[in-house]
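The values are calculated or read from the model by the stated rules, or taken from the named source; none is laboratory data. Keep in mind it's a predicted model, so treat the numbers as computed, not measured. Ideal geometry is used to build each Cβ from the backbone, glycine not excepted, and the neighbour counts take in all protein chains shown. To get the accessible areas, we keep the full protein, side chains included, count just its heavy atoms, and leave off ligands, DNA and RNA. Shrake-Rupley method; radii C 1.70, N 1.55, O 1.52, S 1.80 Å.
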Amino acid sequence: MSYEHIDILEEDFWVLKNITSTFQKTIDARVVVLIDRSGQPIVSCGETENIDILAFSSLVAADYAATSHLAGLIGENAFATLHHQGMENNIFIQIIEDKFILAIIFKSHTPLGRVKVEALRTKENLSEIFIKITKKIEEDKTAAFPTEDVEIDNFLEDFFEDLH
Amino acid sequence: MSVINYASREINCKIVYYGPGLGGKTTNLKKIYEKVNPSHRGELISLATDMDRTLFFDFVPVDLGTIRGFKTRFHLYTVPGQVYYNASRKLILRGVDGVIFVADSQIERLEDNIESIRNLIENLKEYNLKLGETPFVIQYNKRDLPNIAPMNQLEKLLNPLKVPSFEAVASEGIGVFSTLKEISKLVLKKLSQ
């Protein structure tokens, strides 16, 4: 899969949201976030109001990127999953189609094996959707976001007018 | 890689500040964090050493507002400038939509600037990206110092692509937002093509 941008259409978004939401409820996770590998969150569910999702997503992507590089140094292609253990909360990270990351924050009393099994099952479901989405992007060569130049100029003027 | 979410009506883009060590990349981000209204930006994350040198990256998300009903958010990252952190630099470039090169204007840093641009070109290749095809602007920082190279020399050495360039004193906030505004324009216009 190769593309410069990703468009999440409404119908795909809700399918992704339903899959991650079902997963989050099944394992009673605190938070589940679906992130693209450059660190941008796509879908999140659970107690998202208590976590800075943008910061979390950028750090998860960086964490995964650094660990993948480590894998390369020891002759592995990548590590498919990562696990961080805390006193009360753990983080489990599952890569999907080499482009997306499923990050789960779960309570430490939840058995890791259960999280792994359900994450793997969820990964399969999400993979199908992502393959469909990326195929659509590869086939659709129209502009990602058709906008007039003057509209962009005015939009930026508004934001930057007081920032010098 | 920009992410356009038609359901949540959001556009997310990634901008990377690149350049030699101690050139002012982190200072740019700190100024942005300081001056942008907190309701329009997230927290500044710095993965730095005890000596306050960037170890992995700095990150701050900025909400630019709404265009055509889409909330537009730019994720700003810096890379570690020090030569031996190249592996980290490469990783941060993944999915980049626009690059700001922060050059150090001091005469003794000319070689470091040139080396850093070469390194940027090399690292972009890793993701099948070319500098000439990626939204790219240059900021000549530290213009307040006494031992700086003249602008025409810097332009000749560092800007053969003739991309937009800006003089700056990032520590004073001068040139920080004009640079960010220009890269924002280039990134959004590329998305609209």
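Residues of segment B:74-85 being open to solvent by less than 40 Å² (accessible area, probe 1.4 Å) and more than 8 Å from every other protein chain (Cβ to nearest Cβ), which ones? Across segment B:74-85, the qualifying residues are B:Phe74, B:Leu76, B:Thr78, B:Val79, B:Pro80, B:Gly81, B:Gln82. Restricting segment B:152-193 to residues that are of a type in the set (Lys, Arg) and within 12 Å of chain A (Cβ to nearest Cβ) leaves a set whose member that is nearest to B:Gly23 (Cα to Cα) is B:Lys181. Has segment B:8-15 got at least one residue that is touching a strand residue (DSSP E or B) at 6+ places or on another chain (Cβ under 9 Å), touching a residue at least 12 places away in the same chain (Cβ under 8 Å) and within 23 Å of B:Glu115 (Cβ to Cβ)? Within segment B:8-15, one or more residues are touching a strand residue (DSSP E or B) at 6+ places or on another chain (Cβ under 9 Å), touching a residue at least 12 places away in the same chain (Cβ under 8 Å) and within 23 Å of B:Glu115 (Cβ to Cβ). Counting the residues of segment B:118-130 that are open to solvent by 20 Å² or more (accessible area, probe 1.4 Å), among the aliphatic types (A, V, I, L, M) and within 21 Å of B:Asp104 (Cα to Cα) gives 1.
Only one of A:Lys99, A:Lys123 is within 22 Å of B:Ala7 (Cα to Cα), at pLDDT 95 or above and basic (Lys, Arg); which? Result: A:Lys123 is the single residue among A:Lys99, A:Lys123 that is within 22 Å of B:Ala7 (Cα to Cα), at pLDDT 95 or above and basic (Lys, Arg). In the set (1) among the basic types (Lys, Arg); (2) buried (at least 23 other Cβ atoms within 10 Å of the Cβ); (3) within 9 Å of chain A (Cβ to nearest Cβ), B:Arg68 fails one condition alone, (2).
Got a sec? Which of B:Val102, B:Val62, B:Val96 is open to solvent by 10 Å² or more (accessible area, probe 1.4 Å) and in contact (Cβ under 8 Å) with a residue 24 or more places away in the chain? That would be B:Val96, the only listed residue that is open to solvent by 10 Å² or more (accessible area, probe 1.4 Å) and in contact (Cβ under 8 Å) with a residue 24 or more places away in the chain. For the residues B:Lys185, B:Lys190, the requirement of being within 29 Å of A:Phe159 (Cα to Cα), of a type in the set (D, E, K, R) and modelled with pLDDT under 95 singles out B:Lys190. Within segment A:14-56, the set of residues being within 7 Å of another protein chain (Cβ to nearest Cβ) and under 12 Å from the mean Cα position of the chain (by Cα) comprises A:Asp36, A:Arg37, A:Ser38, A:Gly39, A:Gln40, A:Ile42, A:Leu54. Whether a residue is open to solvent by less than 40 Å² (accessible area, probe 1.4 Å), in a helix (DSSP H, G or I) and at negative phi was assessed, and B:Asn152 does not pass this test.
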